[in-house]
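These notes are about the structure you will find just below.
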Amino acid sequence: MISRETLKRLEFDKILTEIGKNVHSDVTRCRLLETEPQVDAESLLSISGRVGEIRMLASQGIGLRLQVFEDVLPLLEQLRPVGAILAPQELLLFIPVLESFNEISRQLAPRNDVPLLKSLEHPLKQFTDILEPLSASIDQDGGIMDSASSALREIRRAKRALAARIRKKIEEIVRDNQIEIFLQDDFITQRSGRWVIPVRMDSKGMVKGVVHDVSSSGETAFMEPLEIIPFVNELENLSGEEKAEEIRILRQLSAWIRQDAEEIGDCFETLLILDELNSIACFADCHGLETALLNGRGELRLASARHPLLLMLQRQGTLSRVEPLDLQLGEDRRVMVITGPNAGGKTIALKTAGVLVLMALCGIPVPADGARSTFPLLDTLLVDIGDEQSIEQSLSTFSAHVARIATILSQAGPRTLVLLDELGAGTEPQQGAAIACGVLRDLHERGAAVIATTHLSEIIGYVHRTDGMINAGMEYDAATYTPLYRLISGEPGHSHAIEIARRYGMPERVISFAREMLGTASEEFTSLLAELHRKRDDLVGARRELERQQEQLRTAQQELDVRAAGIEQARRDAREKVWVEAREVISTARRRMNVLLDEYKRERRSESIEKLKRVEAEVSVQLRPDFVTGDDHSPLQDVAAGDTVHLRSLGHNALVLQVLPKQGRARVRAGSMELEVVLNDLVAPLKKNSDKTARSIRHDWKVEAAGSEEHELKLIGLRVAEALDQLETFLSHASLSGFTEVRIIHGLGSGALRQAVREHLAHHQLVDAYRPGTAHEGRDGATVVSIRN
């Protein structure tokens, strides 16, 4: 449990007051100022998660539809007795509350990205059956409108008509020559709710009527003319009816609210929660705060943390910059002692750590790097910062310190954070340092996390020698001895009192005497600290230079990766372009070959064969540069009958049957097919693997036929486009080879390949007929084709 006194010492109430400027109700502001840290992780996650959802909506330009409202819980209590009636001004307070219920309920209902807001214990409901008659009955000034009921509308209409008649009648009386001479003035007024005219006191007997009042001078009598008395009496009767109808309306409205009083009260509690969460979200967005990450390990890590009150001053223009704070306490180091010069920022660092922990334990986003910061779940937070301690100064005494520290020692435990300012101060330095070391040792043994500030250099050695403790110092400018307000962990700070005294005009004789009094040990200690600071600055500079070089290397590597990706993309584009061009060449050649085959069958065999050979040669020339790869493919110089060669145009090995040197050609057999080719197309035969490679490159030209498999083509496992390319080539070779019947094996599968093959065969000029295979031919997994001769 964290005491209210601790919250006040850390000025947490000022932060809550600033957050409270965003609320829409005084009752929300009061509840917000009573906010206390929590220890339940699940509750804190819910609070921070709901604040995050409101901020997410705000980032999309969708704010919660809250409006200014008043506390209606006392009015609901007032309505509990049956028959109780609320005044119009009191009923008016329910309208903005019920409107907020309706608006926010409609706003959140269709959304799926705000599960935590929609999971509040009492979701907001729409009380339309109460809001509509309320809005139609009570105006903004708290009066009852004519639209409250038809009876009230008629009564008021009658009243207005009767009042107009009365006024008209009185005006006629005033203008009457026989009456006008007795009047003190010609105006019409009211006395005690009655219409009267001013009559001279000495003439009141001359006017028939009733005197209701006399002027202060006694010279004027305010008389109600006798002629209008019946009308006025009727008007009063209507006023009575109006009052009775108004009471009936108020009673009815109050009864409707009483019926739903419990649900309205629950929804009002939810509205207060939403108003409070919304105010926290507005504060967080205003100052760029981030969601706090909590842990149960007792670890406190602050990264780029800033005190929220200093951020407010910066926003107001009072401060130009707020220096970020980096600090870490964990399992291995649970005690940190901060030393440094006066006004160097030690107390600010202490308070920053404390107030950010409080904010995190209240579910409030923190001014720190949320991804790198983490806050411990605590049972209590104990502080000794002084009775009148503020960021600027401390006015506490040694006795007050001792009393509070004694209380802290009795309450500290493993889930405790202790903040001690000016530890050991206010008494003789050696004894104060000894007491301080004892306090640190006791708190460390109790498992508490401790952050302490001090000016006593005697404590530094003890902290340095003790496991689980770490020194830290506030950085300063070694040249000007001005504070930089940056915390350096692992290095003790120094007060630099003598240098600061000289800087502020202390006489040199006083400075010299002070140095003599300190002795050489203190001077050496100061020099050692200065040397450590210089070395640390050198290391920091070297590390920054290394980081800069590493960043340059990363940038260069990224550029190389981009260039390599560009080159690879260019290669892929080139291959794709060549492939498209090759397919176009093949398609053109295939169409020409089909035409030549038709001519071949129409008796002009020799001429067609010559044209076919020319087409073959043209295609070979077009494809040779792009598709020949692998071993040495230069043309053979010496070729003889019986040699095995490789045909570059077909991508297939063949047997030389005859060499025709005069024509520069050779007759070869490739499989069962004999053909003449140019000698330049003959290269050294490929090995088995190379042959497979070449055939795979030119798969549009290959035919899966050799030996006993010449009459069939296997297409199983191929895509439709690939299969149809192979089928076209196979049919051409089958026709040239004089086959009358072949078999296409396509398998069953989904049937898509079979259907595509048969549709292709149905319109092919080389196909006479086709049919599904018989039982021994593969049934519907194969198609038998009759070749046209």
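The table that follows gives values for the structure above.
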{"read-out": "Extension gain from ASP13 to ALA255, taking 0.36 nm per residue of separation minus the Cα-Cα distance", "value": "83.0 nm"}
{"read-out": "Projected label distance in nm at ALA434 and PHE398, using a 7 Å step from Cα toward the beta-carbon", "value": "1.2"}
{"read-out": "Area of LEU57 that stays accessible when all protein chains are in place (1.4 Å probe, Å², to 10)", "value": "0"}
{"read-out": "Sequence of VAL210, VAL439 from largest to smallest accessible area, 1.4 Å probe", "value": "VAL210, VAL439"}
{"read-out": "Helix-only mean residue ellipticity at 222 nm for the chain, each DSSP H run of n ≥ 4 adding -39500 (n - 2.57), per residue, nearest 500", "value": "-16500 deg cm²/dmol"}
{"read-out": "Per residue, in Å², the accessible surface of the chain once ligands and nucleic acids are set aside, probe 1.4 Å", "value": "52"}
{"read-out": "Percentage relative contact order, the range 154-306, counting C-alpha pairs under 8 Å, at least six apart", "value": "16"}
{"read-out": "Candidate residues SER48, SER457: accessible-area rank, largest first, probe 1.4 Å", "value": "SER457, SER48"}
{"read-out": "Relative contact order, percent, the chain [alpha-carbon distance under 8 Å, six or more residues apart]", "value": "8"}
{"read-out": "Degrees separating the helix 94-108 axis from the principal Cα axis of the chain, which is the longest one", "value": "10"}
{"read-out": "In the range 214-305, trypsin sites (Lys or Arg not before Pro) in a DSSP loop with at most 12 other beta-carbon atoms within 10 Å", "value": "ARG297"}
{"read-out": "Listed candidates (i) 0.98; (ii) 1.10; (iii) 1.31 - label of the one calculated as Rg/Rh (Cα atoms, Kirkwood Rh)", "value": "(iii)"}
{"read-out": "Spatially proximal aspartates and glutamates relative to LYS346 (Cα-Cα < 15 Å; intrachain offsets below 8 disregarded)", "value": "GLU323, ASP326, ASP384, GLU392, ASP421, GLU422, GLU475, GLU491"}
{"read-out": "Percentage relative contact order, the range 1-158, counting C-alpha pairs under 8 Å, at least six apart", "value": "18"}
{"read-out": "Portion, in percent, of the accessible area of the chain that falls on carbon or sulfur, probe 1.4 Å", "value": "52"}
{"read-out": "Rounded FRET efficiency, nearest 0.05, which uses the C-beta distance separating SER634 from GLN663 and R0 of 30 Å", "value": "0.90"}
{"read-out": "Derived scalar couplings ³J(HN,Hα) [the range 455-470; Karplus, 6.51 cos²θ - 1.76 cosθ + 1.60; whole Hz; x for Gly, Pro]", "value": "9, 7, 5, 5, 6, 4, x, 4, 5, 5, 7, 9, 5, x, 10, 9"}
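The values are calculated or read from the model by the stated rules, or taken from the named source; none is laboratory data. What you see is a predicted model, and the numbers here were worked out from it, not measured in a lab. Note that each Cβ is placed from the backbone with ideal geometry, even for glycine, and that neighbours are counted across all protein chains shown. Note: accessible area is taken over every heavy atom of the protein model, side chains too, but ligands, DNA and RNA are not part of it. Shrake-Rupley method; radii C 1.70, N 1.55, O 1.52, S 1.80 Å.
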